[in-house]
Amino acid sequence: MTVEMLTEITNVEFGKMINAAAATLAANAEKINKLNVFPVPDGDTGTNMSLSMASGAQYERDVLETDISALAKATAKGLLMGARGNSGVILSQIFRGFANSVEGKQTLSARDLADALMSGAQTAYKSVMKPTEGTILTVIREAAAQANQSAKETDNVVALMADVTQAAQIALNKTPDLLPVLKEVGVVDSGGQGLMFVLQAFYQVLSDNFDEEAIQAPDNAELDQMVKKLHAGAQADANLSPDDIEYGYCTEIMVQIGQGTTFDHDFDYDTFYQHLAQLGDSLLVINDDEIVKVHVHTENPGEVLSWGTHYGSLVKVKVDNMRDQQQAVIDAQRAEEAKKSRLQMTAPVSDTAVITIAAGDGVAALFKSLGVHTVISGGQTMNPSTADIVTAIEKSGAKKAIIVPNNSNIFMAAEQAKEISETPVVVVKTRTIQQGLTAMLGYNPNADLSDNAENMLDMIGDVKSGQITHAVRDTTLNGQKIANGDYLGIVDGEIVVNSNKLFTTAENTVKSMLDDESEIVTIIFGEQAKARDAKKLAEFIQSIDEDIEVEVHDGGQPLYPFLIAVE
């Protein structure tokens, strides 16, 4: 194999490397998500790493300096602020170590690149209290070790990265041998796979073999999520006047390519895209062999529809007046600010703000009723970033803060927020919504941070957490054969029950949680269950022991028909 010759990485190559890594992770996020060990619908490693890297790439693009030192520092800062989930945080630490190593450098030699990867590996290991082999840590360590060896033998950064990617792939393939649960399920480590995509993108850029077109059009199903993020950012600015919106109509179409009576153009992505780009902004075009989906902000939605009909049959059309929508945002924001103003006159903010992460309006209301100041919408599949948590702390206006994450995959982002924030912060490491609600029973707004943290942690010692969800693939885990679509009963992180019936799974899960000391059972039903289902489950529990007190709440949480707490 012929290897390109390049002895120096300049700002041009580095910028391409970072942005290629972000694009590659975005294109492969769902593939990484599916490597989740548990076959549940909340695999989010790919999503977390993709969004984290996207933040790093954005910071890198915003830097005006052209030296590698500044670009690497900006990338690391962007990753730090955008880090989501433990995988995103570890990725941010790899680039933090990388940036520290290249400080003051204009360009990178093969030796510099190797030293930076080694520094990244060391920093990542130090960031984890109990490093586990068979994870992303193993992959970066083996990749860095190979970089160090290769730098002794070559000054060609392309050859070095070829060796690095090969070593990383070997390390990734060995992760099931280091973590038995990966071997049982038949997957490699998801975080390690995400890092593999980053390193491959680096190599492809340096070898001038990066195929931008291959990742330009992600899977068709991703457009809706991309549009939601686009609009979330746009609507966040309530100070924007509707009159300042240049293109007033948010237009979405779906075209069945090559079908219908109006079809007279063979589909070509570049031709199709370029014409639409002249009609407005915020353009997203995603296609497969049969369907093309379009999102664009324009002043002439009719022209967008007409262009689509040349390529096939319109199967979906949606046009929204964004000026009217923006006015509604402004009106709602003013109403909310007025409401807050009235509340502050009678109920000043406590010196301590409790900030938690949860999904579902009902669950959020439960936390608020127990004294939580801010509920960040998120949790499974929607891990908040470090910046999200820091912003919540700052906006609280409190002198000190307590973070209640309710998910072990948010621990590291919460700890990073604690380090960044100028406000004193403690993190009460609750792993589930049930633990978080129970912990709040130990919260005292007049106590100091350390006493509150101790009391809240003491409260969760006696609560068992049960979750009912469904499997998203066939697998075998801990000897249990699980079929795609089965309902799963998970108790404190272990799958204890699976069947093809929701209520049977819920019954058997509860039975596994009850013992002679059980006194209170709390049932929180979600979007995929109804009040009558929860009532039926409550009656079943009391048929087992009529002395058990059962509470039922409408949580509105996604993915989990039932959250069950036994105390």
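At a glance:
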read-out: Sole residue being touching a residue at least 60 places away in the same chain (Cβ under 8 Å) and crowded, with 22+ Cβ neighbours inside 10 Å, chosen from ILE564, ILE460; value: ILE564
read-out: Which numbered condition VAL463 fails, given (1) of a type in the set (Val, Ile, Thr); (2) modelled with pLDDT of 90 or more; (3) farther than 30 Å from VAL426 by Cβ; value: (3)
read-out: Test: residue in segment 76-88 that is under 18 Å from the mean Cα position of the chain (by Cα), over 30 Å from VAL472 (Cα atoms) and in contact (Cβ under 8 Å) with a residue 40 or more places away in the chain; value: yes
read-out: Meets criteria (surrounded by 21 or more Cβ atoms within 10 Å (Cβ to Cβ) and farther than 23 Å from GLY191 by Cα) for LEU117; value: no
read-out: Residue list for segment 417-430, filter: surrounded by fewer than 24 Cβ atoms within 10 Å (Cβ to Cβ) and in contact (Cβ under 8 Å) with a residue 24 or more places away in the chain; value: ILE420, SER421, THR423, PRO424, VAL425, VAL426, VAL427, LYS429
read-out: Subset of segment 152-193 (residues that are of a type outside the set (A, V, I, L, M), touching a residue at least 24 places away in the same chain (Cβ under 8 Å) and part of a helix (DSSP H, G or I)); value: THR165, GLN169, LYS174, THR175, PRO176, ASP177, GLU184, SER190, GLY191, GLY192, GLN193
read-out: Given (1) touching a Leu at 6+ places or on another chain (Cβ under 8 Å); (2) farther than 19 Å from PHE202 by Cβ; (3) not in a helix (DSSP H, G or I); (4) not hydrophobic (A, V, I, L, M, F, W, C), number of the condition TYR125 does not satisfy; value: (3)
read-out: Residues located in segment 368-397, provided they are basic (Lys, Arg) and crowded, with 19+ Cβ neighbours inside 10 Å; value: none
read-out: Selection status of LYS418, among the basic types (Lys, Arg), on the phi < 0 side of the Ramachandran plot, at pLDDT below 90 and not assigned by TED's automatic domain parsing to the domain that holds GLN557; value: no
read-out: Matching entry among PHE503, PHE525, PHE540 (being out of contact with any helix residue (DSSP H, G or I) (no Cβ under 6 Å at 6 or more places or on another chain) and of a type in the set (Phe, Trp, Tyr)); value: PHE503
read-out: Test result for ALA529, buried (at least 16 other Cβ atoms within 10 Å of the Cβ), in the same structural domain as VAL552 (by TED's automatic domain parsing) and among the small types (Gly, Ala, Ser); value: yes
read-out: Filter result (surrounded by fewer than 17 Cβ atoms within 10 Å (Cβ to Cβ) and touching a Pro at 6+ places or on another chain (Cβ under 8 Å)) within segment 478-526; value: ASN484
read-out: Inter-residue pairs, beta-carbon under 9 Å, first within 21 Å of ASP243 (Cα to Cα) and β-branched (Val, Ile, Thr) and in segment 311-340, second part of a helix (DSSP H, G or I) and at pLDDT below 75, 6+ apart; value: VAL329/GLN235; ILE330/PRO242
read-out: Some residue of segment 50-71 being over 15 Å from the mean Cα position of the chain (by Cα), under 23 Å from PHE210 (Cα atoms), crowded, with 24+ Cβ neighbours inside 10 Å and of a type in the set (Phe, Trp, Tyr); value: no
read-out: Selected residue (only one of ILE524, ILE490 is within 30 Å of ALA398 (Cβ to Cβ), outside any helix (DSSP H, G or I) and of a type outside the set (Ser, Thr, Tyr)); value: ILE524
read-out: Pick from segment 38-62, criterion in contact with a strand residue (DSSP E or B) (Cβ under 9 Å, 6 or more places away or on another chain) and among the β-branched types (Val, Ile, Thr), ranking: modelled with the lowest pLDDT; value: VAL40
read-out: Unmet requirement for ILE490, which otherwise passes all of (1) touching an Asp or Glu at 6+ places or on another chain (Cβ under 9 Å); (2) touching a residue at least 40 places away in the same chain (Cβ under 8 Å); value: (1)
read-out: Pairs with Cβ under 9 Å, 6+ apart, first in segment 260-285 and assigned by TED's automatic domain parsing to the domain that holds VAL296, second assigned to a loop (DSSP other than H, G, I, E, B) and of a type in the set (Gly, Ala, Ser); value: ASP266/GLY258; PHE267/GLY258; TYR269/ALA217; VAL285/ALA217
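Every residue, every condition in (1) among the aliphatic types (A, V, I, L, M); (2) modelled with pLDDT of 90 or more; (3) within 23 Å of the chain's Cα centre (by Cα), yes or no:
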| position | (1), (2), (3) |
| --- | --- |
| THR381 | no, no, yes |
| PRO384 | no, no, yes |
| ILE393 | yes, yes, yes |
| ASN409 | no, no, yes |
| ALA413 | yes, yes, yes |
| PRO424 | no, yes, no |
| THR430 | no, yes, yes |
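The values are calculated or read from the model by the stated rules, or taken from the named source; none is laboratory data. These numbers were taken from a predicted model, which means no experiment stands behind them. Don't worry about glycine lacking a Cβ; one is built from the backbone with ideal geometry, like all the others, and counts go over all protein chains shown.
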